[in-house]
Amino acid sequence: MVVAEPLLVASAVSKHYGGIAALEEVSLQVRPGEVHCLAGENGSGKSTLIKVISGVETPDSGSITMDGKSFARLTPRQAISLGIEVIFQDFSLFPNLTVAENIAMATYVAGGRRTVRPRTLRRIAAEVVSRIGVQLDLDARVEDLSVADRQLTAICRALARDARVIFMDEPTTALTWREVEALFAVVRSLKDSGVALVFVSHKLEEVLRVSDRITVLRNGVVAVTGDVSRFDRAAIVAAMTGRAFTETSPADSARAGAPPVLEVDQLSLRGYFEDVSFLVHQGEVLGVTGLLGSGRTEIAEALFGIIPADHGTVRVDGKPVRLRSVHDAIRAGIGYVPSDRLTQGVFLDQTISLNVIAGSIDRLVGRGNLLRRGKAQQMVERAAAELRIRMSSASATVRSLSGGNQQRVVLAKWLVRNPHILILNSPTVGVDVGSKHEILEMLRAKGRDGMGIIVISDDVPELVAVCHRVLVVRRGRITDELTGERLTEEAIVKELVA
Ligand SMILES: Nc1ncnc2c1ncn2[C@@H]1O[C@H](COP(=O)(O)OP(=O)(O)OP(=O)(O)O)[C@@H](O)[C@H]1O
Ligand SMILES: [Mg+2]
């Protein structure tokens, strides 16, 4: 086999933020037509490396070489003109423009034309869309698209600008598994056309399936790089964490005969879900799964008073509760960690401390309505240690944290409140494999302490590992309950697609 010359080379790139070395002499080679995975624990420097290569951040030292030409730094515009594209998590699309306009506008304007002819835009867009063989409605407005289609639009825009290396930072986190399959088909077709893809993922099955090569970062340095065929799951985790690691699933069972903490009886919300009834016992972790649009998220949102149900009853610790608003839900002892944490869960520009205690201020004020600082600090420190939040100090902003550490702040905020029932929507999305296990273990421990836990997820292995029981929701109804022997990955997948 002839090994292609690298297309893009980052050499000895360093980047510090204050006292923290996000990257230290990191080198990366990307070959044409390869799928290259960037792996590493939360905070290891993956996103920073992508930002430096794409010109979003300026490196302290090192160089970036594309087609044999070296640069000490790039501007975003230079990077794009060299064929380096990043699909950011927010996709940076214009929501009120059409798919065709988003895909073709930049190319068209860069061509120096002054008038925009819709027909030309459409032709450019249609060509790119057909090149990677996807179905996209060119005339739809981006704001009306699903996350998966927005992502495809961003990929098509990159291709319209002649991308040769496309970076994707955790592209599959917001997708359902069916959409992930569709994305991988696109990845394969890009690869065949010689475009290189560098992607970040915490899902190792995914990495092993689609990548040709892998680079693992650990604490800002390259721990290992090489052909994926040389690695298995354990080897990647060992490179990430620097230690041998066994993933065992906790095998305890919920206390038999424990009283229910939550009783949901015939809950309905027209158009979303109907006749939903279930119990959560003390010490139990209940899973709820279903495809996108099945109603699983709406059930959670109804229990948290975001979109109140229009029929049915809910009891917490045996007492009926009214859930007409979020305020009602919190007062009833229900907590909710949303899936879209970055927009719903945190104040990015506030400190980590403030975010963690934001929901518990009532418990932290003493005489004269003064905040008891010592107690607040203790609360923050304990939560940060429990969730292993990697931060320079608790007074840093949440924005300065890596993605996975931002997620932990949202979890911390709810855990310190100690609700009777905690509903978590996709709790470990974006969390590295090592910590995922720890977070799940911690949820089980909270369960043992008496908290009722509901995990909404479509991460099937995770459901099997952490839940005592899993409810499957289809078209707004609970269609199955899997427990004991029947609680297996195969059974869940089978029920999901049935
Ligand atoms: N703007 C910033 N200000 C201060 N520190 C930052 C900033 N951006 C990143 N960092 C720090 O740099 C380190 C690397 O962060 P980075 O976002 O690259 O991690 P990551 O590997 O992408 O992690 P994750 O898997 O959690 O997304 C972290 O310690 C982070 O707190
Ligand atoms: Mg990141």
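The values are calculated or read from the model by the stated rules, or taken from the named source; none is laboratory data. Just so it is clear, the model here is predicted, and its values are computed rather than measured. Cβ sites come from the backbone with ideal geometry, for glycine too, and all protein chains shown count toward neighbours.
Taking each residue of the stretch 38-50 that is of a type in the set (Gly, Ala, Ser) and looking for partners that are more than 9 Å from ligand 2 (Cβ to nearest atom) and in a loop (DSSP other than H, G, I, E, B) with beta-carbon atoms closer than 6 Å, six or more apart or interchain, yields 43/390; 45/220. Looking only at the stretch 388-403, residues that are crowded, with 19+ Cβ neighbours inside 10 Å and either under 21 Å from residue 217 (Cβ atoms) or of a type in the set (S, T, N, Q) (or both) come to 5 in all.
With a cut-off of at least 2 residues that are touching a residue at least 40 places away in the same chain (Cβ under 8 Å) and either away from ligand 1 (no atom under 16 Å from the Cβ) or among the polar types (S, T, N, Q) (or both), name the strands (runs of 3 or more DSSP E) lying wholly within the stretch 119-230. Step through it out loud before you land on a result.
Numbers: elements: 165-169, 196-200, 213-218, 221-227.
Correct list: 165-169, 196-200, 213-218.
Does residue 128 count as at pLDDT below 90 and aliphatic (A, V, I, L, M)? Give the steps one after another, and end with the answer.
On the way: at pLDDT below 90: no; aliphatic (A, V, I, L, M): yes.
Against the criterion (at pLDDT below 90 and aliphatic (A, V, I, L, M)), residue 128 does not qualify.
Considering the stretch 333-376, the qualifying helices (runs of 4 or more DSSP H), each wholly inside and each with 1 or more residues that are closer than 22 Å to residue 300 by Cα, of a type outside the set (D, E, K, R) and out of contact with any helix residue (DSSP H, G or I) (no Cβ under 8 Å at 6 or more places or on another chain), run over 341-344.
Here residue 399 fits the description: within 16 Å of ligand 1 (Cβ to nearest atom) and part of a helix (DSSP H, G or I). Filtering the stretch 237-276 to residues that are closer than 22 Å to residue 472 by Cα, loosely packed, with under 13 Cβ neighbours inside 10 Å and at pLDDT 60 or above leaves 266, 270, 271.
Being in a helix (DSSP H, G or I), more than 16 Å from ligand 1 (Cβ to nearest atom), outside the structural domain of residue 438 (by TED's automatic domain parsing) and small (Gly, Ala, Ser) holds for only one residue in 329, 383, and it is 383.
Of the residues contained in the stretch 21-29, none is found to be within 14 Å of residue 163 (Cα to Cα) and more than 16 Å from ligand 2 (Cβ to nearest atom). Within the stretch 8-35, the residues that satisfy the criterion of being more than 12 Å from ligand 1 (Cβ to nearest atom) and within 25 Å of the chain's Cα centre (by Cα) are 28, 30, 34, 35. Among the residues making up the stretch 331-361, those that are buried (at least 17 other Cβ atoms within 10 Å of the Cβ) and β-branched (Val, Ile, Thr) are 334, 337, 346, 351, 352, 356, 357.
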